[in-house]
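Some notes on the structure that comes next.
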Amino acid sequence: MHISCVYAIFTPLPCIEERLAFILSYLKLNPIQEAQADLFGIEQKQRYELVHALETILRRALELCDRVPTTGDRKLQEVLSECPTQRMQKYAKNAKEMLCALCDTFCVLCVLCVK
């Protein structure tokens, strides 16, 4: 069992939804440790360990959903070359399904860490 999975079992955040909100807020807002720890009612040391554990799980969930952000120029150019209206319609249509799939996969990975 990976060390991040071990920590995810004993996380101070009992609900999977809280874990997902925690890691997504970290990635989106990049808050200082003290602020995020206070927000979620945990110690700064726990926050540091939790970020590393859940980031690993989230990255794996994104990989399984084939939603890892692109780092290559070619893929970025393909996306940007689409008409903005088509691109928005395409992503708006799939946004709800993608979010549901990501949440489901994240939940499954959190549960698998327990086994």
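Filter the range 1-47 for residues that are at pLDDT 85 or above and among the β-branched types (Val, Ile, Thr); which is nearest to CYS107 (Cα to Cα)?
Only one residue fits best here, namely ILE23.
Quick one: which residue in LEU99, LEU50, LEU112, LEU76 is modelled with pLDDT of 75 or more and either surrounded by 14 or more Cβ atoms within 10 Å (Cβ to Cβ) or assigned to a helix (DSSP H, G or I) (or both)? Step through it out loud before you land on a result.
Values: LEU99 fails: modelled with pLDDT of 75 or more; LEU112 fails: modelled with pLDDT of 75 or more; LEU76 fails: modelled with pLDDT of 75 or more.
So the residue among LEU99, LEU50, LEU112, LEU76 that is modelled with pLDDT of 75 or more and either surrounded by 14 or more Cβ atoms within 10 Å (Cβ to Cβ) or assigned to a helix (DSSP H, G or I) (or both) is LEU50.
Does any residue in the range 33-55 that is on the phi > 0 side of the Ramachandran plot come within less than 8 Å, Cβ to Cβ, of a residue that is modelled with pLDDT under 90 and surrounded by 14 or more Cβ atoms within 10 Å (Cβ to Cβ) six or more places away or on a different chain, and which pairs are these?
GLY41/PRO12
Give the residues of the range 38-68 that are touching a Phe, Trp or Tyr at 6+ places or on another chain (Cβ under 7 Å) and acidic (Asp, Glu), sorted by residue number.
GLU49
The values are calculated or read from the model by the stated rules, or taken from the named source; none is laboratory data. Quantities reported herein were computed from a predicted structural model and do not represent experimental measurements. Heads up, the Cβs are rebuilt from the backbone with ideal geometry, glycines too, and the neighbour counts pull from every protein chain shown.
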